[in-house]
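J.: Sharing a structure with you now.
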Amino acid sequence: MEQRHLGRTGLRVSRIGLGTLTWGRDTDEHDAADMLKAFWEAGGTLVDTADVYGDGEAEYLLGRLMEGLVPRHDLIVSTKAGSVPDPDRRFDGSRGHLLAALDASLTRLGTDYIDVWHVHAYDPYTPLEETLQALDLAVSSGRVRYAGVSNFCGWQLAKAATWQLAAPGTRTRLASTQMEYSLLQRGVEREVLPAALDLGIGILPSSPLGRGVLTGKYRDGLPPNSRGASEHLAPFVEPYLDDTAGRIVDAVTTAADGLAVTPLQVALAWVRDRPGVTAPIVGARTAQQLTAALSVETLSLPDEICRALDDVSAPVHRYPDHDWSTL
């Protein structure tokens, strides 16, 4: 699998990442082992998790598999911290919480360092410089090699990145930002993507298949074994089952038919090759699904197909994103 630099850093990662959102909950150890082995054998290196996935079980599971199945040094492990199970405060970006969460992640993963550590989301109740200092401390202590953020909007990302760049050699530059990005969700193109491109931050798209909808499997209803039919994941899928999404899925399916490939391959290749993208994170539930995603490695979409998909899925971005003099 082709390797790409993560932002403006020397770290190289596979251009498809393996997500573990369902590990320890919907994906058991046997299926997780099959996926990790298939991913590794295909040349995949970037494995993404978080301290809250499966209430910590995803990290435990990944740690056990690194101990007995895939060598730790062959993987680039990304995890996140900052989400908390508190209805009054969903995110805690305080230095104390983040550093304690990092130590807990290291224990669950059975490793002494994290390759890429992300702040899971912006915390409006904690000064941003305090949150960022936790990243600096984590890197300077050797427990983290590279740092990033997740789910920061454009101004938050730009503020964080420029704060870090203001003291080179003292503060850790942001390597990456993980954001939802797909043909069904192009909101990052408004401000996040331009900021990331300008500041040398790699984009790691989550849900690159539109929460599974872009595979086309929901065109005729809810398959009984799908996330959309799952009690705890149905609300996650439902927003992308409207008429607008249906038109985009139809266009993806038409493109796939014309190229003799699958809608999954078309949707994943489109986001993988967008400007600024380092590696989409694919959250498969089974090794079969993952293998289907990994088959995109040899596919590059023709320019005319990309333009057609761009047009049908184009978000409405006007003032002030476009040249105001033309409006």
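The values are calculated or read from the model by the stated rules, or taken from the named source; none is laboratory data. Not measured: the values here are computed from a predicted model. Every residue, glycine as well, gets a Cβ built from its backbone with ideal geometry; the counts of neighbours run over all protein chains shown. Surface areas here come from the heavy atoms of the whole protein model, side chains and all, with no ligands, DNA or RNA. Shrake-Rupley method; radii C 1.70, N 1.55, O 1.52, S 1.80 Å.
J.: Looking at the stretch 240-327, which trypsin sites (Lys or Arg not before Pro) are in a loop (DSSP not H, G, I, E or B) and have at most 12 other Cβ atoms within 10 Å?
T.: Passing sites in the stretch 240-327 are Arg318.
J.: Still on this model: Placing +1 at every Lys and Arg Cβ and -1 at every Asp and Glu Cβ, with all other atoms neutral, what dipole size does the stretch 197-264 have around its Cα centre, in debye to the nearest 20?
T.: 160 debye
J.: Also: Under the Karplus relation 6.51 cos²θ - 1.76 cosθ + 1.60, θ = phi - 60°, what is the ordered set of whole-Hz ³J(HN,Hα) values for the stretch 55-66, x standing for Gly and Pro?
T.: 6, x, 5, 4, 5, 4, 5, 4, x, 5, 6, 5
J.: Leaving ligands, DNA and RNA out of it, report the carbon-plus-sulfur percent of the accessible area of the chain at a 1.4 Å probe.
T.: That fraction is 51 percent.
J.: Another question about this same structure. What is the distance in Å between the Cα centroid of the stretch 234-274 and that of the stretch 91-119?
T.: With the stretch 234-274 and the stretch 91-119 each reduced to a Cα centre, they are spaced 35 Å.
J.: Then there's this: In terms of modelled amide H atoms, which long-range or inter-chain residues lie less than 5 Å from the amide H of Phe91?
T.: For Phe91, whose amide H was placed from the backbone, the distant partners under 5 Å are Val84.
J.: Determine the dipole magnitude for the stretch 268-327: charges of +1 sit on the beta-carbon of Lys and Arg, -1 on that of Asp and Glu, nothing else is charged, the reference point is the Cα centre, and the result goes in debye to the nearest 20.
T.: 300 debye
J.: While we're here: Please list, in order along the stretch 92-97, the HN-Hα scalar couplings obtained from phi with the Karplus expression 6.51 cos²θ - 1.76 cosθ + 1.60 (θ = phi - 60°), rounded to whole Hz, x for Gly and Pro.
T.: Along the stretch 92-97, the couplings run 10, x, 5, 4, x, 5 Hz.
J.: Leaving out ligands and nucleic acids, and using a 1.4 Å probe, what accessible area per residue does the chain come to in Å²?
T.: Per-residue value: 44 Å².
J.: Hey, another quick one. Can you give the local net charge around Thr291? Use residues other than it whose beta-carbon is closer than 15 angstrom to its beta-carbon, Lys and Arg +1, Asp and Glu -1.
T.: Here the count lands on -2.
J.: Spin-label point model (7 Å from Cα, Cβ direction): what's the Glu304 to Arg190 distance in nm?
T.: 3.4 nm
J.: Now a separate question. Taking Cα centroids, how far is the stretch 1-51 from the stretch 206-227 in Å?
T.: What the calculation gives is 21 Å, centre to centre.
J.: As I understand it, the dipole of the stretch 7-148 uses +1 on the Cβ of Lys and Arg and -1 on the Cβ of Asp and Glu, about the Cα centre. Which of Gly10, Gly44, Pro124 lies farthest toward its positive end?
T.: Of the options given, the answer is Gly10.
J.: Continuing with this model, one more query. Can you list which of the trypsin sites (Lys or Arg not before Pro) found in the stretch 204-238 are DSSP loop residues with at most 16 other C-beta atoms within 10 Å?
T.: Here the trypsin sites (Lys or Arg not before Pro) that fit, given the DSSP loop and packing criteria, are Arg219.
J.: Here's something else I'd like to know. At most 14 other Cβ atoms within 10 Å plus a DSSP loop assignment makes a site exposed; report the longest stretch of the chain without any exposed GluC sites (Glu not before Pro).
T.: Here the longest segment lacking exposed loop sites spans 3-230.
J.: With +1 assigned to the C-beta of every Lys and Arg and -1 to the C-beta of every Asp and Glu, and no other charges, what is the dipole magnitude of the chain about the Cα centre in debye, to the nearest 20?
T.: Dipole about the Cα centre, nearest 20: 600 debye.
J.: Same structure again: Just to be sure I understand: of the beta bridges DSSP finds with both ends in the stretch 114-244, what percent are antiparallel, rounded to 5?
T.: 5 percent
J.: Can you tell which of Val77, Leu199, Gln289 lies farthest toward the positive end of the dipole of the chain, using +1 and -1 charges on the Cβ of basic and acidic side chains (Lys, Arg; Asp, Glu)?
T.: The residue sitting farthest along the positive end of the dipole is Leu199.
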